[in-house]
Amino acid sequence: MKILQLRLLAFGPFTDLCLDLSAGNEGLHLIYGPNEAGKSTALRAIEQMLYGIPANTPDAFLHPPAQLRIGAALRAADGRTIDFIRRKGRKGTLLGADNKTPMDDEVLRAILGDVDRDAFVTRFGIDHEELVRGGQDIVAGRGRVGQSLFAAGAGIGQLREIQRQLAEETQTLFTPRAQKPRLNRKLKTLEESRKQLRRCQLAGSQWERHERALRDAQSRLAEIDRRLADLIGRRARLERYQQALPLAARRKDCLEKLEKLGPVPPLRPGFAEARRQLTTQLTLAREKHQAASQELEAIEQSLGDIHLPEELLAQAGPIEQLRDALASHRKAQRDLPRLETRRQQLEAGACSILHELRPDCSLDQIESMRLTTAQRMAIQELGDEYTTLNSQRQRALEEIRQAESQRHEIQRELEQLPPPRQTDALQDLLRRLLAQGDLETQRAEAAAQLASMRQQAEAQLARLGLWSGPLEAVDQLPVPQVETVERFAEQLAQLRQQIRATEEKRDDAKTNRSHYLRQIEEIRLAGDVPTEKDLQQSRRVRDLGWQVIKAEWQEGEADVDQYEEFITWFEGRDLAAAYEQSVAEADEVADRLRREADRVARRAHLQAVCENLDRQVAELTERLQTLRDEAQQVEDRWSECWQQAGIRPLPPREMLGWLRARESLVERVAAIRTQRKLLQLLEQR
């Protein structure tokens, strides 16, 4: 019999592979190739092509078992040729060349003769495994027949001589209870290494105990972090209580005083402001009255003793001017501290404005930006002219309204008067009034002083800013109290301080998180650290391979989906090699987990710390947004305090200076009203 053609249609790793062996005249065909090329698979294919494919064949890892196909063309000794295909099955496994027509097994048996599978394997199908088993039988001394068959089948002569040489070589490699042979030394080294390995290994129970201790410590750490966060919150709440204690004590004191007062009538809205204004006016009036009384007494006392020379009387005009100048000088001395404070405020405001306009300049360099004398004089003249004209216009309008009102009043009184009577008594009264002095001159001086005071007050109102109403309404502005402004200033300062502290904590947490992430990255770059999840995955693949092998062994055919899922993890390998690699990989992952326990634990610790820092950053970000919302609400309430006055307020600290400037202006307005009443009295005389 000669094999003319071997077709590996679907067998092992081959698909539609044809080996043409028809050339030559009954000669020898040599098939060679590298390891894992499929030489042993082709030898098994020849055996299974002639005698059938076994149920648990290892060559069904690429093609499903039911689709395994081996084709061949054989020439018998009498010259007959048959072409057939062998499929995997229990019976009727021989098909024609069309892979459909059944063939009788007797056709093939007639060509094979009395050569059964065992004889064929012994004579023609000895592979590496058979050689190893034959050698083991020889060493075990299992009989000359086996030795002869093995020698004849393997083509080995002088088997006894070869066996003797192998025994001698074995003695040089290994001798029981000896120390010098190579294998004895290696075995001793292996045993010592195993003992060292057992000493260094950590028992599974110890590992589980340490792992439970680690989880317990992490749980306690999380609980401590939670308690720490709660304590920090309680501390912040207690600090707020501590800050509120003085206010609570003050409130309690006020409530006790209020209770002692008993029932009191309710005051109308704005009573406090009106009382404060009236008190200020009363104090000013008493001071002026006392000063005027003292001055009048002094004048009356000294009038009788004074004998003025004619030269001094001739200088009455300059003396009056000096007296007026002295009053202005004294007033300037009284205003000096307030003006100095105002100067400092203006200087601070000028620094702020200069920083916004020219950040690269200071107040020392402001002279380089000062206007020229001509420009300043022109602006000053225009401003003075505007102020004067505006004042004159306002006074003229006011006088016209007053004159018109007086005219109508006089007209009504005149219409109601009876006919004229004798005027002798009136003329006598007029003479007495004229004897009191020049009332017209006094009225003119009072009117001039009133105009000067009003001009100065309007200039101060223009400098006040933030409000552009009439001068007479400046003391009626519904502005908040100084205590309210200070309370807003304190609240905003505390909130800004808390915002800065929270931002610093959040930035520190982000910095620490970046530091720990870099450490995790360093561990990853030093070598990937296996995790419990990796171990579970490798064991799952190993168990899947075992299920596939078990199904092939017991049922003759495995589930196609399970087979494909398993074999995709090990492309290019058969089922046996793939399962062997899966077992090795699962053992390697388990060994690495034990060897690199410190790195695994450190990475898990760093990961837990990073997660904790992420929670801290989120909580601090939320806390920061809450503080900013509170600050915005305080600023909104601050703006609402000034909304009724039509003022868009500056920060509370700056508005304190504005309120002081307004108080000064209110005093000027009160003085103007007093001067106006004096002028009206003079006009009534």
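The values are calculated or read from the model by the stated rules, or taken from the named source; none is laboratory data. The model shown is predicted, which means the values in this text are computed figures rather than measured ones. Methodologically, a virtual Cβ is constructed for each residue, glycine included, from the backbone with ideal geometry; neighbour enumeration extends over all protein chains shown.
Worth a mention:
- Listed by position, the strands (runs of 3 or more DSSP E) enclosed by region 25-102 that each have at least 1 residues that are aromatic (F, W, Y) are 81-87.
- Which listed residue, of V600, V634, is of a type in the set (V, I, T), more than 30 Å from P478 (Cα to Cα) and either in a loop (DSSP other than H, G, I, E, B) or in contact (Cβ under 8 Å) with a residue 12 or more places away in the chain (or both): V600
- Top-ranked residue in region 108-123 [being loosely packed, with under 13 Cβ neighbours inside 10 Å and over 25 Å from G556 (Cβ atoms); ranked as modelled with the highest pLDDT]: G113
- Among residues of region 568-585 being buried (at least 19 other Cβ atoms within 10 Å of the Cβ) and part of a helix (DSSP H, G or I), the one that is nearest to the chain's Cα centre (by Cα) is S582.
- Of all the residues in region 71-82, those that are touching a residue at least 60 places away in the same chain (Cβ under 8 Å) and within 12 Å of L4 (Cα to Cα) number 7.
Results for (1) surrounded by 12 or more Cβ atoms within 10 Å (Cβ to Cβ); (2) at pLDDT 75 or above; (3) in contact with a Gly (Cβ under 8 Å, 6 or more places away or on another chain), shown as yes or no for each residue.
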site: D324; (1), (2), (3): yes, no, no
site: H329; (1), (2), (3): no, yes, no
site: A332; (1), (2), (3): no, yes, no
site: R338; (1), (2), (3): yes, yes, no
site: T341; (1), (2), (3): yes, yes, no
site: G349; (1), (2), (3): yes, yes, no
site: Q365; (1), (2), (3): no, no, no
site: R370; (1), (2), (3): no, no, no
site: T373; (1), (2), (3): no, no, no
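- Members of region 71-107 that are surrounded by 12 or more Cβ atoms within 10 Å (Cβ to Cβ) and of a type in the set (D, E): D83, D105
- Flag if L50 is aliphatic (A, V, I, L, M) and in contact with a Pro (Cβ under 7 Å, 6 or more places away or on another chain): no
- Candidates R592, R668, R648, filtered to the one that is under 40 Å from the mean Cα position of the chain (by Cα) and more than 30 Å from L197 (Cβ to Cβ): R648
- Failed item in (1) in a helix (DSSP H, G or I); (2) buried (at least 17 other Cβ atoms within 10 Å of the Cβ); (3) within 44 Å of the chain's Cα centre (by Cα), with Q537 passing the rest: (2)
- Given (1) closer than 27 Å to Q644 by Cα; (2) assigned to a helix (DSSP H, G or I); (3) over 44 Å from the mean Cα position of the chain (by Cα), index of the condition E490 fails: (3)
- If you go through region 465-480 and keep only what is in contact (Cβ under 8 Å) with a residue 24 or more places away in the chain and under 16 Å from R276 (Cβ atoms), you end up with V474, D475, L477, P478, V479, P480.
- Taken together, A272, A292, A217, A203 contain a single residue that is within 45 Å of the chain's Cα centre (by Cα) and more than 30 Å from C610 (Cβ to Cβ), which is A203.
- Each residue in region 482-531 was checked for being aromatic (F, W, Y) and within 26 Å of A618 (Cβ to Cβ), and 1 pass.
- When the criteria are applied in full, L284 meets the requirement of being assigned to a helix (DSSP H, G or I) and out of contact with any strand residue (DSSP E or B) (no Cβ under 9 Å at 6 or more places or on another chain).
- Within region 85-111, the set of residues being farther than 12 Å from G52 by Cβ and of a type outside the set (D, E, K, R) comprises I85, L95, G96, A97, N99, T101, P102, M103, V107, A110, I111.
- Just one of the listed residues (I224, I299) is farther than 30 Å from S664 by Cα, assigned to a helix (DSSP H, G or I), among the β-branched types (V, I, T) and modelled with pLDDT under 85, and it is I299.
- On the stretch given as region 494-534, residues that are closer than 30 Å to A576 by Cβ and either part of a helix (DSSP H, G or I) or basic (K, R) (or both) total 3.
- Some residue of region 43-55 being at positive phi and touching a Leu at 6+ places or on another chain (Cβ under 9 Å): yes
- Residue in region 512-529 that is assigned by TED's automatic domain parsing to the domain that holds A584, among the aliphatic types (A, V, I, L, M), more than 28 Å from the chain's Cα centre (by Cα) and more than 30 Å from E635 (Cα to Cα) present: yes
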